[in-house]
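Data first, discussion second: the structure below is written as structure tokens.
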Amino acid sequence: DSGVTQTPKHLITATGQRVTLRCSPRSGDLSVYWYQQSLDQGLQFLIQYYNGEERAKGNILERFSAQQFPDLHSELNLSSLELGDSALYFCASSEGYTIYFGEGSWLTVV
Amino acid sequence: GENVEQHPSTLSVQEGDSAVIKCTYSDSASNYFPWYKQELGKGPQLIIDIRSNVGEKKDQRIAVTLNKTAKHFSLHITETQPEDSAVYFCVGSNYKLTFGKGTLLTVNP
């Protein structure tokens, strides 16, 4: 158990809908990362927050947004969902160099 | 930005044999190189890491080597066991992690 908690574990939704994925980082970790994993794209970095502020941005679509709250938990919002958004979404957290991943949220868009 | 190439994409070995996975990176500023193991249905788990001021690091059956001049780094697993079967990712990091595409390692009993 990495200490990073993600909910929900599985989610099925229709195209055009909006979903929110939630992440609780390891206790004391200030950085939160979001990654998307799909068969064809591998593990893609989406965005990083540090203590509530956006730190780095990767291949995140404009339809996606994220935030980190004062209690350090984070949410990834995915809107106007398309079939191609079906993937495993990982949250990770770190205090220093080492990044710890959660178990992921499986999103299926139908 | 950083680009990490990983080879091979699949690797099948017999139990007890060694397995080697190789990676190259492009950004000379990268200074941290972790390796992650991902089992089916689970998140990537850090198994070993190496920093740019070190050429080799070993932890029981796992070792990593780093050649900064050539921008190569490798993962070596000795005496492989069926539970080593998983996808392994190499990572190059400056301020953010860049993952390789992964290697599916299958250890046959």
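Just so it is clear, none of the values below were taken in a lab; they were calculated from the coordinates. Worth saying up front: this structure is predicted, and the values here are computed from it rather than measured. Cβ coordinates were reconstructed from backbone atoms using ideal geometry, including for glycine residues, and neighbour counts include every protein chain displayed.
Rundown of residues vs (1) more than 18 Å from B:Glu15 (Cβ to Cβ); (2) surrounded by 20 or more Cβ atoms within 10 Å (Cβ to Cβ), yes/no style:
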{"site": "B:Lys57", "(1), (2)": "yes, no"}
{"site": "B:Ala70", "(1), (2)": "yes, no"}
{"site": "B:Phe73", "(1), (2)": "yes, yes"}
{"site": "B:Thr80", "(1), (2)": "no, yes"}
{"site": "B:Ser93", "(1), (2)": "yes, yes"}
{"site": "B:Lys101", "(1), (2)": "yes, no"}
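Residues in the range B:34-93 that are in contact with a Leu (Cβ under 8 Å, 6 or more places away or on another chain), within 14 Å of chain A (Cβ to nearest Cβ) and more than 21 Å from A:Gln36 (Cα to Cα): B:Ile48, B:Ile50, B:Ser52, B:Val54. When the range A:51-64 is limited to residues that are touching a strand residue (DSSP E or B) at 6+ places or on another chain (Cβ under 6 Å) and surrounded by fewer than 16 Cβ atoms within 10 Å (Cβ to Cβ), the one that is farthest from the other protein chains (Cβ to nearest Cβ) turns out to be A:Gly52. Considering A:Glu95, A:Glu103, the condition of being of a type in the set (Asp, Glu) and closer than 19 Å to B:Gly92 by Cα is satisfied by A:Glu95 alone. The residues on offer are B:Glu15, B:Glu2, and the sole one that is within 12 Å of chain A (Cβ to nearest Cβ), in contact (Cβ under 8 Å) with a residue 12 or more places away in the chain and touching a strand residue (DSSP E or B) at 6+ places or on another chain (Cβ under 8 Å) is B:Glu2. Against the condition among the small types (Gly, Ala, Ser) and within 12 Å of the chain's Cα centre (by Cα), how does B:Ala29 come out, does it pass? No; evaluated as a whole, the condition is false for this residue.
The strands (runs of 3 or more DSSP E) located wholly in the range A:1-67 that include 3 or more residues which are free of Cβ contacts under 8 Å to residues at least 24 places away in the same chain occupy A:42-50, A:53-57.
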